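Asker: Just dropping this structure here.
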Amino acid sequence: MRIGVLAASSVANPDVIAPVSAFAAIAYPDVDLVFHPQCYANDGHFAGSDAVRAAAFLQYANDPAFDAIWFLRGGYGSNRILSTIMPQLGAAARTKAYLGYSDVGFLLGALYARRIGHPAHGPMCADIRRTQGDQTVARALGWMARRDRTALEPALDNRPSAAFNLSILTALIGTPYLPDLADHVLIVEEVSEAMYAVDRMLFTLGNATQLRSVAGVRLGAVSAVKDNEPAWNEPLDDMMTRWCRDLGVPYLGRARIGHVQDNWVVPFGVA
């Protein structure tokens, strides 16, 4: 099993490469992790210029020698290369798994919209630095290398699903990169936002005509919440119930995904 590792967005964390490689060598000796040189690039906010990141993605995605693409970390930027890479993906790109979350959701959504490969929301290399991060990374490697069902978000059923960071999902609405999510269970999570901002994004979700045919919505972790002044007094589940009612779909409760250690894999489509 050969997995190519890329940094598609902001400046990468090359310090995670050694511990992830060491863990994979011991726990998954059948996996060959290949880190693209672009993982070490630095262009201001980004892990290389848009052109460099796009070229690296296309090189690995179109190479039949790789079985999967795993992302080093998220961070703003993958949306900037969509218009370059999507028209240039060839036959080899259609057979691969693609795993990441956060801003990588732009890529996952665009791939799924065109039914290219097997995108999934799940842990990235940088999660090795979390407390018990080896368990988090093991879920990623287990799913990519062996399609280990124990790595999946526990409440997934036979219905198709898709998962996004809420801010990425709302940015995709109204663009050609949002996939058709009819009859899907939509799972959202968020990080580093004040609750008023989460509520504002839920307004977009609750009024998005492109989402009115989803089967329901679940909520993952909302973590590292910024202070609200004055204090926000509406519980998250009440917010979700209210906005799902506006969307006309059921709120289905909580999910174990997000910018936390307890982040499980959600393949786009049927698991």
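The values are calculated or read from the model by the stated rules, or taken from the named source; none is laboratory data. It should be emphasised that the depicted structure is a prediction, and the values quoted were computed from it without experimental measurement. Note that we place each Cβ from the backbone using ideal geometry, even for glycine, and neighbour counts take in every protein chain shown. The protein model used for the area step is the full one, side chains on, heavy atoms only, and it has no ligands, DNA or RNA in it. Shrake-Rupley method; radii C 1.70, N 1.55, O 1.52, S 1.80 Å.
Asker: Quick check on the range 1-36: of everything there that is part of a loop (DSSP other than H, G, I, E, B) and closer than 18 Å to G74 by Cα, which residue is farthest from the chain's Cα centre (by Cα)?
Answerer: H36
Asker: I'm trying to understand the selection: among the residues of the range 112-139, which are in contact with a strand residue (DSSP E or B) (Cβ under 7 Å, 6 or more places away or on another chain) and either free of Cβ contacts under 8 Å to residues at least 60 places away in the same chain or not in a helix (DSSP H, G or I) (or both)?
Answerer: Across the range 112-139, the qualifying residues are G117, H118, P119, A120, H121, G122, M124.
Asker: Please specify each residue of the range 54-91 satisfying the condition of being over 14 Å from I116 (Cβ atoms) and out of contact with any strand residue (DSSP E or B) (no Cβ under 7 Å at 6 or more places or on another chain).
Answerer: Selection gives A54, A55, Q59, D63, P64, R73, S78, N79, R80, I81, S83, T84.
Asker: Could you list, in sequence order, the residues of the range 6-25 that are more than 22 Å from D67 (Cα to Cα) and touching a strand residue (DSSP E or B) at 6+ places or on another chain (Cβ under 7 Å)?
Answerer: S10, V11
Asker: Find the residue count for the range 110-135, including only residues that are surrounded by 24 or more Cβ atoms within 10 Å (Cβ to Cβ) and under 22 Å from L186 (Cα atoms).
Answerer: 9
Asker: I want to confirm something. Restricting to the range 206-239 and keeping residues that are of a type in the set (A, V, I, L, M) and open to solvent by less than 20 Å² (accessible area, probe 1.4 Å), which single residue is farthest from L178 (Cα to Cα)?
Answerer: Selected residue: M239.
Asker: When only residues in the range 162-205 that are charged (D, E, K, R) and open to solvent by less than 50 Å² (accessible area, probe 1.4 Å) count, which is farthest from S83 (Cα to Cα)?
Answerer: In this case the residue turns out to be D199.
Asker: Oh, and also: If you go through the range 34-51, how many residues are of a type in the set (S, T, Y) and over 26 Å from D67 (Cβ atoms)?
Answerer: So the count comes out to 1.
Asker: Would you pick out the residues in the range 37-57 that are outside any strand (DSSP E or B), open to solvent by 20 Å² or more (accessible area, probe 1.4 Å) and of a type outside the set (V, I, T)?
Answerer: P37, Y40, A41, N42, G44, H45, S49, D50, A51, A55 - these are the residues of the range 37-57 that are outside any strand (DSSP E or B), open to solvent by 20 Å² or more (accessible area, probe 1.4 Å) and of a type outside the set (V, I, T).
Asker: Can you find a residue that is in contact with a Phe, Trp or Tyr (Cβ under 6 Å, 6 or more places away or on another chain) and not hydrophobic (A, V, I, L, M, F, W, C) anywhere in the range 79-98?
Answerer: For the range 79-98, residues in contact with a Phe, Trp or Tyr (Cβ under 6 Å, 6 or more places away or on another chain) and not hydrophobic (A, V, I, L, M, F, W, C): present.
Asker: Working carefully through the options S102, S83, find the one that is among the polar types (S, T, N, Q) and within 10 Å of S9 (Cβ to Cβ).
Answerer: Exactly one of S102, S83 is among the polar types (S, T, N, Q) and within 10 Å of S9 (Cβ to Cβ), namely S102.
Asker: If A65 satisfies all but one of (1) assigned to a helix (DSSP H, G or I); (2) open to solvent by 10 Å² or more (accessible area, probe 1.4 Å); (3) aliphatic (A, V, I, L, M), what's the number of the condition it fails?
Answerer: Tallying (1) assigned to a helix (DSSP H, G or I); (2) open to solvent by 10 Å² or more (accessible area, probe 1.4 Å); (3) aliphatic (A, V, I, L, M), A65 fails exactly one: (1).
Asker: Within the range 164-207, restricting attention to residues that are of a type in the set (S, T, Y) and assigned to a helix (DSSP H, G or I), which residue is farthest from the chain's Cα centre (by Cα)?
Answerer: Step by step, filter the range 164-207, then rank; the result is Y196.
Asker: For the range 243-259, which residues satisfy the criterion of being in contact (Cβ under 8 Å) with a residue 40 or more places away in the chain and open to solvent by 30 Å² or more (accessible area, probe 1.4 Å)?
Answerer: Answer for the range 243-259, where residues must be in contact (Cβ under 8 Å) with a residue 40 or more places away in the chain and open to solvent by 30 Å² or more (accessible area, probe 1.4 Å): D246, L252, R256, H259.
Asker: Here's a check for you: in the range 140-161, which residue that is in a loop (DSSP other than H, G, I, E, B) and of a type outside the set (K, R) is surrounded by the fewest Cβ atoms within 10 Å (Cβ to Cβ)?
Answerer: Among those residues, the one meeting the criterion is N158.
Asker: So which residues in the range 208-222 are in a strand (DSSP E or B) and not aliphatic (A, V, I, L, M)?
Answerer: Within the range 208-222, G216, R218, G220 meet the criteria.
Asker: Could you please give the count of residues in the range 68-101 that are in contact (Cβ under 8 Å) with a residue 60 or more places away in the chain, assigned to a loop (DSSP other than H, G, I, E, B) and either crowded, with 19+ Cβ neighbours inside 10 Å or small (G, A, S) (or both)?
Answerer: Qualifying residue count, the range 68-101: 6.
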